[in-house]
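Before any comments, here is the structure.
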Amino acid sequence: QVQLMESGGGLVQAGGSLRLSCAASGSIFRLNVMGWYRQAPGKQRELVAVITSGGSANYADSVNGRFTISRDNAKKTVSLQMSSLKPEDTAVYYCYVEAVNTWSLRQGDYWGQGTQVTVSS
């Protein structure tokens, strides 16, 4: 199994910054794509940013230029630096990884428990 531990959510004023981090642990042979999704009240979960094991990143148009995703393959972590935050960024943010299991060598999708980000106007 794979466990994801998120940290870094909270309350911030519009224009401020926050940094989210997620650490993966467990029976991990390899981590492929890692990333962040978010879900606002009454809305579907949406992609925020993802990054491949080689470091290629993709961002939602709504956050491009304001958010930066990074990963540390040795530490099995992925982070999201969020700047110029807007009230519409308010949501629960979920860490996501594609992990190959050590024993089965099968890839599975794993989600963190979510961390609340609230941006006040």
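The values are calculated or read from the model by the stated rules, or taken from the named source; none is laboratory data. What you are looking at is a predicted structure, and each value in this text was computed from that prediction instead of being measured. Quick reminder, even Gly has a Cβ in these numbers, built from the backbone with ideal geometry, and neighbours come from all protein chains shown. Note: accessible area is taken over every heavy atom of the protein model, side chains too, but ligands, DNA and RNA are not part of it. Shrake-Rupley method; radii C 1.70, N 1.55, O 1.52, S 1.80 Å.
Points worth noting:
- Residue within region 96-103 that is open to solvent by less than 40 Å² (accessible area, probe 1.4 Å) and at pLDDT below 95 present: yes
- When residue 68 is tested against (1) open to solvent by less than 60 Å² (accessible area, probe 1.4 Å); (2) under 11 Å from the mean Cα position of the chain (by Cα), exactly one condition is not met: (1).
- Counting only residues that are free of Cβ contacts under 8 Å to residues at least 60 places away in the same chain and in a loop (DSSP other than H, G, I, E, B), region 22-77 holds 21 of them.
- If you filter region 74-90 down to residues that are hydrophobic (A, V, I, L, M, F, W, C) and closer than 15 Å to residue 60 by Cβ, you find that the one that is surrounded by the fewest Cβ atoms within 10 Å (Cβ to Cβ) is 85.
- Sole residue being hydroxyl-bearing (Ser, Thr, Tyr) and either on the phi > 0 side of the Ramachandran plot or open to solvent by less than 30 Å² (accessible area, probe 1.4 Å) (or both), chosen from 59, 93: 93
Table: residues versus (1) over 14 Å from residue 114 (Cα atoms); (2) at pLDDT 95 or above; (3) among the aromatic types (Phe, Trp, Tyr).
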site: 1; (1), (2), (3): yes, no, no
site: 17; (1), (2), (3): yes, yes, no
site: 32; (1), (2), (3): yes, yes, no
site: 40; (1), (2), (3): no, yes, no
site: 45; (1), (2), (3): no, yes, no
site: 67; (1), (2), (3): yes, yes, yes
site: 86; (1), (2), (3): yes, yes, no
